[in-house]
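Participant: Here you go, one structure.
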There are 2 protein chains.
Amino acid sequence: MKSEKKQGRPRAFDARTVIGQAREVFWDRGFSAASLDTLSAATKLNRPSLYGAFGDKEELYLDALEGYREESLDVLSEALDPALPLRENLARVYDRALAIYLHGETAARGCFLISTATAEAIQHARVREVLGRSLNDFDDAIKERMELAVKRGELPADADPATLARLASAVMHSLAVRARAGDTRETLEALAHSGVDLICGRK
Amino acid sequence: MKSEKKQGRPRAFDARTVIGQAREVFWDRGFSAASLDTLSAATKLNRPSLYGAFGDKEELYLDALEGYREESLDVLSEALDPALPLRENLARVYDRALAIYLHGETAARGCFLISTATAEAIQHARVREVLGRSLNDFDDAIKERMELAVKRGELPADADPATLARLASAVMHSLAVRARAGDTRETLEALAHSGVDLICGRK
DNA sequence: CATATTTTATACCGTTTCGCATAAAAATCT
DNA sequence: AGATTTTTATGCGAAACGGTATAAAATATG
């Protein structure tokens, strides 16, 4: 079924690639300020092609958000490899986050979700939904590792994994905001380091 | 000089009030999605009046950001009253923050700066500047109180006030983002509470 | 009261916006 | 090969956009 070739003229583009290119535009400008002209130029797709494949601008943006959420969860769970000590896990989480937040031609871009979806979250319920769900997913991924840490004795037996996870996420949220505001890598790394100390207990 | 009545037709509005009304619009929609029609309606000012008094849309937005920054600093330093114990100070900071973040007809509005200025920070350097400066000011205000706490013995002598202040701010940033994402007051209060515990030491 | 000055109101201008109609192009199916 | 189906390209169109020209209204000054 799925592998059968579709009738008609084949697409000259890969949908995931296009969503990724659109994401770059949204990341730099935000949803509202990103025009279809700019998106069309960045993806090298004419507007009718964009509409045919993804629907309107909001749906394309939602696709970009979903893609980011999924990729971020992958990065997160890779960083949380239970074979490593918890302290190292957290350090890796922040390290991977900073790699994303400080990447791009615009040195300081921050987190795609936090920097662009928050602005639209009031007016666009579906954006708010993705934002909320993503934050929860990140919390949950960290919580799982925290639960393991309690079982293993890496954390005190009375530590609450869910609470610690949300605090760990809080540091990540702050990294995201501060990166967008133009903080230097050194400053951000210092915050990350102190966050690890605070949550895992000072070494 | 200043109190001399200006020649010509007097203004029928108070500039600070108008900036406040404009802020409500920007807060809900973000900078880019806020149209001059909407701003004009919300302030009950015709467009030429807006332009005469504040310049273009970006300058009006910058005025709104500055006003928010100043008011927030006032709220912050009031919450950090050194007559109270540090733990109570921090709890008040988060309490006041949540009062702002959860206020408004749109239940979950978050922080004006973090929710709207981050989106524009890449394309508009002046917005990024205000955002960065505001975050620094908040950090500094908390740092001052932390320094006092170290002197007083509320915190260990080897605690670093600047670091602790930025971690305290991190929790606030997370509250801001999560409020905008639609988290309930209970959830946010729990995060605030655990943040106080973590930074001041569990009671 | 006449003049100067500033604010307000109406209306408009050129541009950009999003989205689509139309038709050509490129593939599969019969 | 011809019919069918889907994607691409060009270009349009109505609406909304930010911003301003113009003139009336309201005050201070002389």
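Participant: Of everything in the range B:34-56, what is near DNA strand D (Cβ under 10 Å from one of its atoms) and open to solvent by 40 Å² or more (accessible area, probe 1.4 Å)? Give them in sequence order.
Facilitator: B:Ser35, B:Asp37, B:Asn46, B:Arg47, B:Pro48, B:Ser49, B:Tyr51, B:Gly52, B:Asp56
Participant: Same structure, new question: Would you confirm, using the coordinates I've provided, whether A:Thr43 is more than 14 Å from chain B (Cβ to nearest Cβ) and polar (S, T, N, Q)?
Facilitator: Values: more than 14 Å from chain B (Cβ to nearest Cβ): yes; polar (S, T, N, Q): yes.
Yes.
Participant: Restricting to the range A:7-28, name every residue that is in contact (Cβ under 8 Å) with a residue 12 or more places away in the chain and either within 11 Å of DNA strand D (Cβ to nearest atom) or open to solvent by 40 Å² or more (accessible area, probe 1.4 Å) (or both). Walk me through how you get there before you give the answer.
Facilitator: Just the residues of the range A:7-28 that are in contact (Cβ under 8 Å) with a residue 12 or more places away in the chain, to begin with: A:11, A:13, A:15-16, A:18-28.
Hits for the range A:7-28 are A:Arg11, A:Phe13, A:Ala15, A:Arg16, A:Val18, A:Gln21, A:Glu24.
Participant: Search the range B:81-93 for residues being surrounded by fewer than 22 Cβ atoms within 10 Å (Cβ to Cβ) and in contact (Cβ under 8 Å) with a residue 60 or more places away in the chain, and hand back the single one that is nearest to the chain's Cα centre (by Cα). Give the steps one after another, and end with the answer.
Facilitator: Residues of the range B:81-93 surrounded by fewer than 22 Cβ atoms within 10 Å (Cβ to Cβ): B:81-85, B:87-88, B:91-92.
Cutting the leftovers down to in contact (Cβ under 8 Å) with a residue 60 or more places away in the chain gives us B:82, B:85, B:87, B:91.
Values: B:Pro82: 21, B:Pro85: 24, B:Arg87: 21, B:Ala91: 17 Å.
Here the answer is B:Ala91.
Participant: Shifting gears a bit: For the range A:136-159, indicate whether the set of residues that are open to solvent by less than 50 Å² (accessible area, probe 1.4 Å), more than 10 Å from chain B (Cβ to nearest Cβ) and acidic (Asp, Glu) is non-empty.
Facilitator: yes
Participant: While we're here: For the range A:1-36, which residues satisfy the criterion of being within 10 Å of DNA strand C (Cβ to nearest atom) and either among the aliphatic types (A, V, I, L, M) or within 20 Å of A:Glu120 (Cα to Cα) (or both)?
Facilitator: Those that are within 10 Å of DNA strand C (Cβ to nearest atom) and either among the aliphatic types (A, V, I, L, M) or within 20 Å of A:Glu120 (Cα to Cα) (or both): A:Ala12, A:Arg29, A:Phe31, A:Ser32, A:Ala33, A:Ala34, A:Ser35, A:Leu36.
Participant: Then there's this: Given the criterion more than 9 Å from chain A (Cβ to nearest Cβ) and of a type outside the set (A, V, I, L, M), identify the matching residue among B:His173, B:His124. Even if it seems obvious, please write down each step before you answer.
Facilitator: Values: B:His173 fails: more than 9 Å from chain A (Cβ to nearest Cβ).
Going through B:His173, B:His124 in turn, the sole match is B:His124.
Participant: Looking at the range A:98-108, is at least one residue surrounded by 21 or more Cβ atoms within 10 Å (Cβ to Cβ) and either more than 8 Å from every other protein chain (Cβ to nearest Cβ) or at pLDDT below 95 (or both)? Break it down into steps so the answer makes sense when it comes.
Facilitator: If we filter the range A:98-108 for residues that are surrounded by 21 or more Cβ atoms within 10 Å (Cβ to Cβ), which is where we start, we get A:101, A:108.
Cutting the leftovers down to either more than 8 Å from every other protein chain (Cβ to nearest Cβ) or at pLDDT below 95 (or both) gives us A:101, A:108.
Within the range A:98-108 (the criterion being surrounded by 21 or more Cβ atoms within 10 Å (Cβ to Cβ) and either more than 8 Å from every other protein chain (Cβ to nearest Cβ) or at pLDDT below 95 (or both)), the answer is yes, since at least one residue qualifies.
Participant: Examine the range B:165-172 for a residue that is open to solvent by 60 Å² or more (accessible area, probe 1.4 Å) and under 28 Å from A:Arg128 (Cβ atoms), and state whether such a residue exists. Let's see the steps before the verdict.
Facilitator: Filtering the range B:165-172 down to residues open to solvent by 60 Å² or more (accessible area, probe 1.4 Å) leaves none.
Within the range B:165-172 (the criterion being open to solvent by 60 Å² or more (accessible area, probe 1.4 Å) and under 28 Å from A:Arg128 (Cβ atoms)), the answer is no, since none of the residues qualifies.
Participant: If you check A:Gly182, A:Gly201, A:Gly132, A:Gly195, which single one turns out to be at positive phi and facing chain B (nearest Cβ under 9 Å)?
Facilitator: Working: A:Gly201 fails: facing chain B (nearest Cβ under 9 Å); A:Gly132 fails: at positive phi; A:Gly195 fails: at positive phi.
Step by step, each of A:Gly182, A:Gly201, A:Gly132, A:Gly195 is checked, and only A:Gly182 is at positive phi and facing chain B (nearest Cβ under 9 Å).
Participant: What is the number of the single condition among (1) open to solvent by 10 Å² or more (accessible area, probe 1.4 Å); (2) more than 17 Å from the chain's Cα centre (by Cα) that B:Arg133 does not meet?
Facilitator: (2)
Participant: Kindly list, by first and then second residue, each pair from a residue in the range A:46-57 that is within 14 Å of chain B (Cβ to nearest Cβ) to a residue that is away from DNA strand D (no atom under 11 Å from the Cβ), limited to pairs with Cβ atoms under 8 Å and residues at least 6 apart or on different chains.
Facilitator: A:Lys57/A:Phe31; A:Lys57/A:Ala34; A:Lys57/A:Leu39
The values are calculated or read from the model by the stated rules, or taken from the named source; none is laboratory data. Computed from a predicted structure; not experimentally measured. We place every Cβ from the backbone using ideal geometry, glycine too, and count neighbours over all the protein chains shown. Keep in mind that these areas ignore ligands, DNA and RNA; they rest on the heavy atoms of the full protein, side chains included. Shrake-Rupley method; radii C 1.70, N 1.55, O 1.52, S 1.80 Å.
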